[in-house]
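K.L.:
What follows is a single structure, and I will ask about it in a moment.
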Amino acid sequence: MIDTKYPWLKPAIENHTIEKFPSCLLIEGESGLGKSQLAHYFAKKLLCIEEDQPCGLCNSCSYFEAGSHPDYCFLSIDESSSSLLASSKSKNDSLVSKKIEGIRALNQFMSLTNSVSLKRVGVIYDAHVMNINSQNALLKTLEELPENKFILLISNKRRNFLPTIYSRAHLLSIQNPPSAAIDQWLSDQGFIEHSSLNFAPDS
């Protein structure tokens, strides 16, 4: 379970149930806090056919784990999901979060009809690398996002987007855990002889 591995994410998981999940969720925080893993969990949870948390048994969960879910796509700083490659005429190296072609491909994907799940999910990892043109391209989709379509943005920088992006997204800010929590986490991972004082502040 994700909140066992990253206990500081438990409040975020508990506060974002399927019934109240925002159509656009912007997850901000320092690098290394498990934001990408949280987005991965939320995407699988939204697409799951059976339960409020990923059941791991339904067709949707099976497709997701195989990396071939037809209702899920993602962009990162250097790659994209096969579902975007299949539905776009752009070159592979253009379908990334730092280029407008990637955002346009995600917009096109989100406009399509669902195939397996009752929902459709797009995740933009490394969203902090989007330039103004990419943000404006995404904004058009956020303004008219259909029901049961969800977009998750993951950013390593805080307050990095246009005000209009923030006005249409639900902000989830992941705070740095206190030193005691980090020390306990390090111990749980098997680093018995280490503490938070052994690492640089930004690591």
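The values are calculated or read from the model by the stated rules, or taken from the named source; none is laboratory data. What you are looking at is a predicted structure, and each value in this text was computed from that prediction instead of being measured. In this analysis, Cβ positions are derived from the backbone assuming ideal geometry, glycine residues included, and neighbour counts consider all displayed protein chains. The area values use the complete protein model at the heavy-atom level, side chains included, leaving out ligands, DNA and RNA. Shrake-Rupley method; radii C 1.70, N 1.55, O 1.52, S 1.80 Å.
K.L.:
For residues that are hydrophobic (A, V, I, L, M, F, W, C), closer than 20 Å to Phe21 by Cα and part of a strand (DSSP E or B), scanning just region 41-75, find the one that is most open to solvent (accessible area, probe 1.4 Å). First the steps, then the outcome.
P.N.:
First, pick out the residues of region 41-75 that are hydrophobic (A, V, I, L, M, F, W, C): 42-43, 46-49, 55, 57-58, 61, 64, 66, 73-75.
The next check asks that each one be closer than 20 Å to Phe21 by Cα; those that pass are 42-43, 46-49, 55, 61, 64, 73-74.
Still in the list and also part of a strand (DSSP E or B): 73-74.
Working: Cys73: 0, Phe74: 43 Å².
Residue satisfying both the conditions and the ranking: Phe74.
K.L.:
May I ask you to list pairs of residues, at least six apart or on different chains, whose Cβ atoms are under 9 Å apart, with the first in region 116-135 being over 19 Å from His40 (Cβ atoms) and the second being open to solvent by 10 Å² or more (accessible area, probe 1.4 Å) and of a type in the set (Phe, Trp, Tyr)?
P.N.:
Sorted first by the residue in region 116-135, then by its partner, the pairs are Met130/Phe161; Gln135/Phe161.
K.L.:
Let me ask you something else. Exactly one condition in (1) more than 17 Å from the chain's Cα centre (by Cα); (2) surrounded by fewer than 19 Cβ atoms within 10 Å (Cβ to Cβ); (3) over 25 Å from Glu19 (Cβ atoms); (4) touching a residue at least 12 places away in the same chain (Cβ under 8 Å) is not met by Pro163; state its number.
P.N.:
For Pro163, the failing item is (4).
K.L.:
For region 114-154, enumerate the residues that are crowded, with 22+ Cβ neighbours inside 10 Å and in contact with a His (Cβ under 8 Å, 6 or more places away or on another chain).
P.N.:
Ser117, Val123
K.L.:
Give the number of residues within region 1-40 that are hydroxyl-bearing (Ser, Thr, Tyr), assigned to a loop (DSSP other than H, G, I, E, B) and open to solvent by 70 Å² or more (accessible area, probe 1.4 Å). Quick ask: steps written out before the conclusion?
P.N.:
Kept after step one, since they are hydroxyl-bearing (Ser, Thr, Tyr), are these residues of region 1-40: 4, 6, 17, 23, 31, 36.
Subset that is assigned to a loop (DSSP other than H, G, I, E, B): 6, 17, 23, 31.
Retained after the next criterion (residues that are open to solvent by 70 Å² or more (accessible area, probe 1.4 Å)): 31.
Summing the residues that are hydroxyl-bearing (Ser, Thr, Tyr), assigned to a loop (DSSP other than H, G, I, E, B) and open to solvent by 70 Å² or more (accessible area, probe 1.4 Å) in region 1-40 gives 1.
K.L.:
Right, something else. Does region 97-109 include one or more residues that are touching a Ser or Thr at 6+ places or on another chain (Cβ under 9 Å), part of a loop (DSSP other than H, G, I, E, B) and not small (Gly, Ala, Ser)? Spell out how you get there, then give the answer.
P.N.:
The initial filter retains those residues of region 97-109 that are touching a Ser or Thr at 6+ places or on another chain (Cβ under 9 Å), namely 97-109.
Filter once more, so that each one left must be part of a loop (DSSP other than H, G, I, E, B): 97-99.
When the remaining residues are screened for being not small (Gly, Ala, Ser), the result is 98-99.
Yes, that holds for at least one residue.
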